[in-house]
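The values are calculated or read from the model by the stated rules, or taken from the named source; none is laboratory data. Please read all numbers here as calculations on a predicted model, not as lab measurements. Because the Cβ atoms are built from the backbone with ideal geometry, glycine has one as well, and the counts that use them run over all protein chains shown. The protein model used for the area step is the full one, side chains on, heavy atoms only, and it has no ligands, DNA or RNA in it. Shrake-Rupley method; radii C 1.70, N 1.55, O 1.52, S 1.80 Å.
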Amino acid sequence: MGPTKYYLAVSIAGLPYKMLNHPCAHVYISRKINRNSSSTYPYQKLKMSSASHEASVFQNPRFVVKNILAGRQSEGDGAVVRRSIGRPELKYLDPFLILDEFYVSAPAGFPDHPHRGFETVTYMLQGAFTHQDFAGHEGTIRAGDVQWMTAGRGIIHSEMPAGEGLQTGLQLWINLSSKDKMVEPNYQELLSNDIKRAGIDGVQVKIIAGESMGVKSPVYTRTPTMFLDFTLQSKAEVHQKIPESWNAFVYIIEGEGVFGSLNSSPVPAHHVLVLSPGDGLSVWNKSSKALRFALIGGEPLNEPVARYGPFVMNTEEEIDQTIQDYQHCENGFEMAKFWKSQ
Ligand code: FJE
Ligand code: FE
């Protein structure tokens, strides 16, 4: 099997991969088998004011203003994603470019491809993924682990399944402000064990970024961001503050929940809910099963967005420059010259 087969099979954010085919690096498929780890951790119990009381302290509660099912689509090489942010009905929710729930079984995956101008956050839900980049970084994240990658001025990397069977997770693309688009690439890896948790009355939260129930994440977010993974047992409720001026949305991972207003209809998994402005969100699980959802918020950049597949800049001129840099292995893409993933 020659590499050409894969060029044809791969698309990047709707563009045929061939258009981004690199003159220096070849795209080819590889995989490694890694053991999946699973473990359990005690949730931190916090004493705080009663949740129901807190509901009444939202001066300006957030409501659901858009509810969209994230349907399945093909991405990468044989991978399937449910795209919520980034789909035609919801092209951009400043500063968020894409949220994908990905479903991948080897040999499918996301072979060698570039990024510039934003961050990707990969949060594994099931299985494991191995990442390799053109600067020699390599790592495997497993269920519950997070990789927070700042592509900045340029990354070329591969993201491939590391285990047998179905690997699933969330990948969020967060735009960078014009002053940060060309920063040095950077990785923050948060292993499941190190992710802080809090909980009270049938509610558990993993704090990937930002703060909940008085517990803060150590992740440094260049674009101020909140990323919380909530699990509500049957009949539980939660009332989470969100900075007033931020854009925020919910992605339902499992179960169904009532969001924003107690008498609204329950919404099932794989829906994205865009929230109105406000200082907090209330959520109720009226069902008999657990509800799991991600609550994601960020400070809007309020800047123009010029986008070409995996390159996100402010102007078309910067996009042209980026394509040139990529093709000539310059201005951050130097390491592409002889690199391909293994
Ligand atoms: C990418 C197409 C892609 N969603 N979810 C084009 F598919 C990708 C890409 C991903 C991706 C990777 C993972 Cl691990 C999970 C994803 C899209 O890699 F970056 C471009 N440019
Ligand atoms: Fe990528």
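Tabulated data
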read-out	value
Computed label-point distance, nm, for sites Leu191 and Leu69 using a 7 Å Cα→Cβ extension	4.0
Rounded to the nearest 10 Å², the accessible area of Lys66 at probe 1.4 Å	90
Whether the stretch 100-177 is rounded, prolate or oblate, judged on the alpha carbon gyration tensor where a/c under 1.5 counts as rounded	prolate
Solvent-accessible surface (1.4 angstrom probe) belonging to Leu69, in square angstrom, nearest 10	90
Gain on full stretching of the segment that runs from Glu330 to Lys235 - 0.36 nm per residue minus C-alpha separation	28.6 nm
Semi-axis lengths (Å, descending) of the ellipsoid that matches the C-alpha gyration tensor of the stretch 164-274	26, 17, 16
Rounded accessible area per residue of the stretch 44-298, 1.4 Å, Å²	35
³J(HN,Hα) computed for each position of the stretch 64-76 - Karplus, 6.51 cos²θ - 1.76 cosθ + 1.60, integer Hz, glycine/proline x	7, 10, 8, 9, 10, 6, 8, x, 7, 8, 8, 8, x
Cβ-defined net charge surrounding Thr223, 14 Å radius [Lys, Arg +1; Asp, Glu -1]	-2
Listed residues Phe293, Phe110, Phe338 arranged by accessible area, highest first, probe 1.4 Å	Phe338, Phe110, Phe293
Signed unit charges on C-beta, dipole axis of the stretch 183-342, positive-most listed residue Val215, Ile319, Asn247	Val215
When each of Lys196/Lys337; Lys91/Lys337; Lys206/Lys286; Lys66/Lys286; Lys91/Lys241; Lys216/Lys340 is checked by Cα-Cα distance, pairs over 31 Å	Lys196/Lys337; Lys91/Lys337; Lys216/Lys340
Accessible surface of Glu330 - all protein chains present, 1.4 Å probe, nearest 10 Å²	80
Sequence-separation-based contact order of the stretch 115-156, relative, with Cα cut under 8 Å and 6+ spacing, percent	55
Carbon/sulfur fraction of accessible area - the stretch 44-298, other protein chains in place, 1.4 Å, %	52
Hull volume in cubic angstrom per residue (convex hull over the Cα atoms of the stretch 44-298)	119
For Asp145, distant residues with modelled amide H under 5 Å away	Met124, Ser192
The stretch 44-298, relative contact order [Cα under 8 Å, separation at least 6], %	22
Most to least accessible of Thr225, Thr140 (protein chains only, probe 1.4 Å)	Thr140, Thr225
For the stretch 250-266, 3J(HN,Hα) per residue [Karplus equation, 6.51 cos²θ - 1.76 cosθ + 1.60, θ = phi - 60°, Hz, x = Gly/Pro]	10, 10, 7, 8, 7, x, 9, x, 10, 10, x, 9, 4, 9, 7, 6, x
Candidate residues Glu317, Glu189: accessible-area rank, largest first, probe 1.4 Å	Glu317, Glu189
